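Student: Here it is: the structure, laid out below.
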Amino acid sequence: MAEENATVDQKDVQDNKVFAILAYLGILFLIPLLAAKDSPFAKFHTNQGIILFIVSIIVWVLVMVLYRVSFGLGALFSTVLYIGIAVFAIIGIINAAKGEKKELPIIGKYTILK
């Protein structure tokens, strides 16, 4: 899903920038999914937000399992993993605010929305 910024419609960016930013705030990805479904810019960032949300659920389950195994191990990994998710969300928000269609590192290459 690597798209060039040269193909970004600036009117689309200006009209849907807030929706693109909301896509990275957990379950709020539903807002741009429903309200800006015709916007290529919002759709790109919504896809990235959905992927981040899925990864955060997987991380949450992993952390719960680690807490069952060892509280110390769970605490250590949960801190690292949650900081990683927050960093990805911040990267996505910055990209959306700048009007760029940049994939998130590592997880951004996957496509859920067509």
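Student: What number of residues in the stretch 15-26 are among the aliphatic types (A, V, I, L, M), outside any loop (DSSP other than H, G, I, E, B) and surrounded by fewer than 19 Cβ atoms within 10 Å (Cβ to Cβ)?
Tutor: Within the stretch 15-26, residues that are among the aliphatic types (A, V, I, L, M), outside any loop (DSSP other than H, G, I, E, B) and surrounded by fewer than 19 Cβ atoms within 10 Å (Cβ to Cβ) number 1.
Student: Would you mind stating whether PHE53 is open to solvent by less than 30 Å² (accessible area, probe 1.4 Å) and within 23 Å of ILE106 (Cβ to Cβ)? Before you say what the answer is, go through the steps one by one.
Tutor: Details: open to solvent by less than 30 Å² (accessible area, probe 1.4 Å): no; within 23 Å of ILE106 (Cβ to Cβ): yes.
Answer is no for this residue.
Student: Sticking with this one: Give just the number: which of (1) of a type outside the set (Asp, Glu); (2) open to solvent by 80 Å² or more (accessible area, probe 1.4 Å); (3) at pLDDT below 95 does MET1 not satisfy?
Tutor: Tallying (1) of a type outside the set (Asp, Glu); (2) open to solvent by 80 Å² or more (accessible area, probe 1.4 Å); (3) at pLDDT below 95, MET1 fails exactly one: (2).
Student: Give the residue, chosen from GLY72, GLY84, GLY49, GLY26, that is out of contact with any Asp or Glu (no Cβ under 8 Å at 6 or more places or on another chain) and at positive phi.
Tutor: The unique qualifying residue is GLY26.
Student: Which residues, taken from the stretch 30-42, are touching a Lys or Arg at 6+ places or on another chain (Cβ under 9 Å), open to solvent by 70 Å² or more (accessible area, probe 1.4 Å) and not in a loop (DSSP other than H, G, I, E, B)?
Tutor: Hit for the stretch 30-42 is PRO40, nothing else.
Student: Would you point out the residue of the stretch 65-82, among those that are of a type in the set (A, V, I, L, M, F, W, C) and open to solvent by less than 70 Å² (accessible area, probe 1.4 Å), that is nearest to ILE106 (Cα to Cα)? Quick ask: steps written out before the conclusion?
Tutor: Within the stretch 65-82, the subset of a type in the set (A, V, I, L, M, F, W, C) is 65-66, 69, 71, 73, 75-77, 80-81.
Subset that is open to solvent by less than 70 Å² (accessible area, probe 1.4 Å): 66, 73, 75, 81.
Values: LEU66: 23, LEU73: 24, ALA75: 24, LEU81: 14 Å.
Looking at the filtered set, the residue picked out is LEU81.
So that you can scan it fast, the table gives a plain yes or no per residue for (1) open to solvent by less than 40 Å² (accessible area, probe 1.4 Å); (2) among the small types (Gly, Ala, Ser); (3) outside any helix (DSSP H, G or I):
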position: VAL13; (1), (2), (3): yes, no, no
position: LEU28; (1), (2), (3): no, no, no
position: THR46; (1), (2), (3): yes, no, no
position: GLY49; (1), (2), (3): yes, yes, no
position: VAL63; (1), (2), (3): yes, no, no
position: GLY84; (1), (2), (3): yes, yes, no
position: ILE94; (1), (2), (3): no, no, no
position: ILE107; (1), (2), (3): yes, no, yes
position: THR111; (1), (2), (3): no, no, yes
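The values are calculated or read from the model by the stated rules, or taken from the named source; none is laboratory data. The model shown is predicted, which means the values in this text are computed figures rather than measured ones. All Cβ positions, glycine included, derive from the backbone under ideal geometry; neighbour counts span all protein chains shown. Heavy atoms of the whole protein, side chains included, go into the accessibility calculation; ligands, DNA and RNA do not. Shrake-Rupley method; radii C 1.70, N 1.55, O 1.52, S 1.80 Å.
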